[in-house]
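Contents: one structure, followed by commentary.
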Amino acid sequence: MNPKLINLPKIVDKRGNLSFFEFSGQLPFEIARTYWIYDVPGGEMRGSHAFRAQKEFIVALSGSFDVVLNDGSKIEKFSLNRSYFGLYVPSMYWRSLENFSTNSLALIVSNKVYDEADYIRNFDDFKKIKNVQ
Ligand code: TYD
């Protein structure tokens, strides 16, 4: 499956809205881990690596930021700015999170527990593994 934005249910209520995701309703994988990125200083970038096997789903629970995906030959930018949709990121995409707004909160769930061996942190290594120039 390619990267894609996934709309989430939005239960509109005058007491406040509610959204959710679960496997197998919205997510294409079972969640093994949840983490979040917050307090990002202006101008900072997170990520800039790829995962060999890990898949992720990213939601801007608050504020906004961009997720830039590079498959080795083409670059796609997704702007996340609402808590009722998120981005599915398959394994083997170089991914960066950037352009964070003040007080933004990135929620990330993945199908693997943390494993540094799953990271590809060097872009040249990534291109070699993808077999692109
Ligand atoms: P990293 O994944 O490189 O951050 P990002 O991609 O958001 O810029 O992780 C930064 C550090 O945090 C790294 O030393 C590993 C640690 N870490 C964990 O221990 N567990 C986790 O679930 C994550 C995502 C990171």
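The values are calculated or read from the model by the stated rules, or taken from the named source; none is laboratory data. What you are looking at is a predicted structure, and each value in this text was computed from that prediction instead of being measured. Note: ideal-geometry Cβ built from the backbone for every residue, glycine included; neighbour counts use all protein chains shown. These area figures cover heavy atoms from the full protein model, side chains too; ligands, DNA and RNA do not enter into them. Shrake-Rupley method; radii C 1.70, N 1.55, O 1.52, S 1.80 Å.
Taking amide H as placed 1.01 Å from N in the peptide plane, I120 has its amide H under 5 Å from the amide H of A50, F51, R52, each at least 5 places away in sequence or on another chain. Between I58, I11, I108, the GNM of the chain built on Cα springs shorter than 10 angstrom shows I11 fluctuating the most. Is segment 52-91 rounded, prolate or oblate when judged by the Cα gyration tensor, a ≥ b ≥ c being the square roots of its eigenvalues, rounded requiring a/c under 1.5 and prolate requiring a/b larger than b/c? It comes out oblate by the Cα gyration axes. Sparse packing (at most 11 other Cβ atoms within 10 Å of the Cβ) combined with a DSSP loop state is found for the following chymotrypsin sites (Phe, Trp or Tyr not before Pro) in segment 37-133: Y114. The phi-based Karplus calculation (6.51 cos²θ - 1.76 cosθ + 1.60; θ = phi - 60°) puts the 3J(HN,Hα) values of segment 110-125 at 9, 8, 9, 6, 4, 8, 4, 5, 7, 7, 10, 9, 10, 5, 5, 4 Hz, whole numbers, x for Gly and Pro.
For segment 83-133, count the residues as N, evaluate 2.2 N^0.38 Å, and divide the Cα radius of gyration by that value, please.
Ratio of Cα Rg to 2.2 N^0.38 Å: 1.41.
Across S19, S96, S79, mean-square fluctuation computed from a Gaussian network of the chain (C-alpha pairs under 10 Å connected) peaks at S19. For N103, put the label point 7 Å out on the Cα→Cβ axis and report which residues of segment 39-56 keep their amide N under 20 Å from it. The answer is 39-44.
In the full protein context, the chain carries 58 Å² of accessible surface per residue, based on a 1.4 Å probe and ignoring ligands, DNA and RNA. Each of R121 and K14 was given a label point 7 Å from its Cα along the Cα-to-Cβ line. The distance between the two points is 5.4 nm.
Over the chain, what is the relative contact order in whole percent, taking alpha-carbon pairs under 8 Å and six or more residues apart? Contact order relative to length: 34 percent. For the chain, a Gaussian network of Cα nodes joined below 10 Å ranks N81, N122, N99 by mean-square fluctuation, and the top entry is N122.
Of the GluC sites (Glu not before Pro) in segment 5-90, the ones in a loop by DSSP (not H, G, I, E or B) with at most 14 other beta carbons within 10 Å are E22, E30, E44.
What stretch of the chain, leaving out the sites themselves, is the longest with no trypsin sites (Lys or Arg not before Pro) in a DSSP loop having at most 13 other Cβ atoms within 10 Å?
Working: sites that count: K14, R15, K74, R121.
It works out to 16-73.
Shape analysis of the chain based on the Cα gyration tensor places the equivalent ellipsoid semi-axes at 26, 17, 13 Å, largest first.
In whole percent, how big is the carbon plus sulfur part of the accessible area of the chain, probe 1.4 Å, protein atoms only? The nonpolar share, carbon plus sulfur, comes to 46 percent.
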